[in-house]
């Protein structure tokens with residue numbers, strides 16, 4: 001078998017879900033997806049302008065289930081609520097477990113349950129903030145549904161996107177999920193307190209994030225011990 005043919009066989013290719021559509025409707029499906037993305041971006045732009053008009057700092061936090069997003073938010077909110085008025089919008093398939101955890105630290109929380117949808121979109125956020133007096137808040141955090149894939153489909157109109165991974169997910173996690181890191185401003189590598197026990201190659205994770213996005217800020221943290229939380233707050237502008 002020629003080397004070129006072997007390369008074609010072994011190459012990993014992206015498989016678009018639109019390929020499941022019948023030939024006669026595939027173009028329509030593709031155009032619908034593009035229209036949804038355009039509409040989402042328009043709403044996200046409006047959300048961002050609303051935040052700017054009210055001098056609100058805003059952050060979208062994404063990451064896989066168990067990466068420690070909520071634990072980090074608990075630490076952040078506990079500190080910030082001593083000085084700032086904080087709203088946290090939590091996304092999850094069901095329950096308000098995360099919202100309840102964060103609410104204990106004196107932040108107002110709102111839970112969005114997405115059902116079968118695997119990520120928040122700008123429409124979800126707009127439905128919340130249109131019924132809020134934004135003058136009552138200084139900082140808004142949006143904790144996305146636990147997922148390293150779907151959130152890359154939708155921007156939410158925040159100032160910065162933060163992607164959280166943990167060393168328990170393995171040193172290849174960033175290499176396997178590059179898209180979110182390409183569109184994020186800060187990468188948080190959490191659970192660094194387990195580094196010696198697990199032997200995870202943290203330097204590889206840091207280098208991978210920088211490789212996919214040379215502009216990204218990378219920080220290691222431990223939500224359990226509080227390690228580098230002060231540095232994370234500095235990256236957030238506090």
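Looking at 149, 174, just one residue is within 30 Å of residue 129 (Cβ to Cβ) and under 17 Å from the mean Cα position of the chain (by Cα), and that residue is 149.
For beta carbons closer than 7 Å, sequence separation of 6+ or different chains, a first residue in region 91-103 that is closer than 9 Å to residue 146 by Cβ and a second that is surrounded by fewer than 16 Cβ atoms within 10 Å (Cβ to Cβ), the qualifying pairs are 92/113; 93/113; 93/115. Residues of region 179-189 that are touching a helix residue (DSSP H, G or I) at 6+ places or on another chain (Cβ under 7 Å), surrounded by 15 or more Cβ atoms within 10 Å (Cβ to Cβ) and without any contact (Cβ under 8 Å) to a residue 60 or more places away in the chain: 181, 183, 186, 187, 189.
For region 36-46, indicate whether the set of residues that are without any contact (Cβ under 8 Å) to a residue 12 or more places away in the chain and under 28 Å from residue 165 (Cβ atoms) is non-empty. Yes, because at least one residue in region 36-46 is without any contact (Cβ under 8 Å) to a residue 12 or more places away in the chain and under 28 Å from residue 165 (Cβ atoms).
If you take just the strands (runs of 3 or more DSSP E) that sit entirely in region 83-190, which of them hold at least 1 residues that are farther than 30 Å from residue 204 by Cα and at pLDDT 95 or above? Steps first, answer last, please.
Details: elements: 86-92, 108-113, 139-143, 160-166, 186-190.
Correct list: 86-92, 108-113, 139-143.
Scanning region 214-237 turns up at least one residue that is within 19 Å of the chain's Cα centre (by Cα), surrounded by fewer than 22 Cβ atoms within 10 Å (Cβ to Cβ) and on the phi > 0 side of the Ramachandran plot.
Inspect region 49-57 for any residue being under 21 Å from residue 150 (Cβ atoms) and in a loop (DSSP other than H, G, I, E, B) and give the result as yes or no. No, region 49-57 has no match at all. Within region 190-200, is even one residue buried (at least 16 other Cβ atoms within 10 Å of the Cβ), within 18 Å of residue 226 (Cα to Cα) and either under 18 Å from the mean Cα position of the chain (by Cα) or free of Cβ contacts under 8 Å to residues at least 12 places away in the same chain (or both)? Yes, the conditions are met somewhere in region 190-200. Among residues of region 38-56 being within 18 Å of residue 121 (Cβ to Cβ) and exposed (fewer than 13 other Cβ atoms within 10 Å of the Cβ), the one that is modelled with the lowest pLDDT is 38. For region 151-167, state whether one or more residues are within 21 Å of residue 45 (Cβ to Cβ), surrounded by fewer than 15 Cβ atoms within 10 Å (Cβ to Cβ) and in contact with a helix residue (DSSP H, G or I) (Cβ under 6 Å, 6 or more places away or on another chain). No, because not a single residue in region 151-167 is within 21 Å of residue 45 (Cβ to Cβ), surrounded by fewer than 15 Cβ atoms within 10 Å (Cβ to Cβ) and in contact with a helix residue (DSSP H, G or I) (Cβ under 6 Å, 6 or more places away or on another chain).
Evaluate region 12-27: report whether one residue or more is under 23 Å from residue 162 (Cα atoms) and at pLDDT below 95. Before you say what the answer is, go through the steps one by one.
Quick first cut of region 12-27, residues under 23 Å from residue 162 (Cα atoms) only: none.
Taking every residue of region 12-27 in turn, none turns out to be under 23 Å from residue 162 (Cα atoms) and at pLDDT below 95.
For region 191-206, the set of residues classified as farther than 17 Å from residue 69 by Cα and outside any helix (DSSP H, G or I) consists of 199, 200, 201, listed by residue number. Listed conditions (1) closer than 23 Å to residue 190 by Cα; (2) crowded, with 20+ Cβ neighbours inside 10 Å; (3) out of contact with any helix residue (DSSP H, G or I) (no Cβ under 8 Å at 6 or more places or on another chain); (4) touching a residue at least 60 places away in the same chain (Cβ under 8 Å) are all met by residue 63, apart from (3).
Look at (1) in a loop (DSSP other than H, G, I, E, B); (2) under 14 Å from residue 159 (Cα atoms) and you find that residue 45 fails only one, number (1).
Only residues that are outside any loop (DSSP other than H, G, I, E, B) and more than 26 Å from residue 77 (Cβ to Cβ) were counted across region 207-238, and they come to 5.
The values are calculated or read from the model by the stated rules, or taken from the named source; none is laboratory data. Please read these numbers as outputs of a predicted model, since none were measured by experiment. Cβ coordinates were reconstructed from backbone atoms using ideal geometry, including for glycine residues, and neighbour counts include every protein chain displayed.
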